1. Tell me the label-point distance for the pair S90, D51, using the 7 Å Cα-to-Cβ offset, in nm and rounded to one decimal.
2. Given labels modelled 7 Å from the Cα in the Cβ direction, how far is it in nm from R5 to E39?
3. Using +1 at the C-beta of Lys and Arg and -1 at the C-beta of Asp and Glu, which of L50, I68, V93 has the Cα lying farthest in the positive direction of the dipole of the chain?
4. Treating only the Cβ of Lys, Arg, Asp and Glu as charged (+1, +1, -1, -1), what charge dipole size does the range 17-72 show about its Cα centre? Round to the nearest 20 debye.
5. Can you pull out the chymotrypsin sites (Phe, Trp or Tyr not before Pro) in the range 1-78 whose DSSP state is coil and whose Cβ has at most 13 other Cβ atoms within 10 Å?
6. Percentage of Cα-Cα pair distances in the range 17-72 greater than 19 Å, rounded to whole percent?
7. Tell me, what ³J(HN,Hα) does each residue in the range 65-81 have, in order and in whole Hz, if you take phi through Karplus 6.51 cos²θ - 1.76 cosθ + 1.60 with θ = phi - 60° and put x for Gly and Pro?
8. Mind pulling the angle between the C-alpha long axis of helix 38-47 and the longest principal axis of the chain? Nearest 10 degrees, somewhere in 0 to 90.
Amino acid sequence: MYQIRKCERITSWQMTEVANLNPDKFRNISEPFEGETEEDFVKYLDSLYLDDVYEELDEETQIEMSKIYEPDWTEYSNSTWKGEDSWLESGRVDETWTKTGGFEPNHTTDNE
């Protein structure tokens, strides 16, 4: 007797609500924005640890930032919408194999 399972690879793209942010509101805080371009601002926000500066921001900016840092996610694309990327595996159930969901695979039809 063989233990066989089917696996599926899924990629999901999600987004947050759009936040309207004024870079000038970030220029006079303890970790100031010093850039000039939209790209500079996006990189600055990506590296910013919000907890360190949150109280320094005005209420309107705090509300807008919460759209990014405390988001309600909306899925806008999913690889399963265009087809299935699945394969079969043979092996045995073994809970110590946590990376593969408690299954020790011996053989697979996955080409990757």
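1. Roughly 5.0 nm, to one decimal.
2. 4.4
3. V93
4. 80
5. Those that pass, being in a loop and sparsely packed, are Y2, Y49, W73.
6. 18
7. 5, 5, 5, 9, 9, 9, x, 9, 7, 10, 6, 10, 7, 8, 4, 6, 5
8. Long axis of 38-47 versus the principal axis of the chain: about 70 degrees.
No lab work stands behind these numbers, since they all come straight from the coordinates. Owing to the predicted nature of the structure, the values given are computational and were not obtained by experimental measurement. So basically every Cβ, Gly included, is an ideal-geometry build from the backbone, and we count neighbours across all protein chains shown.
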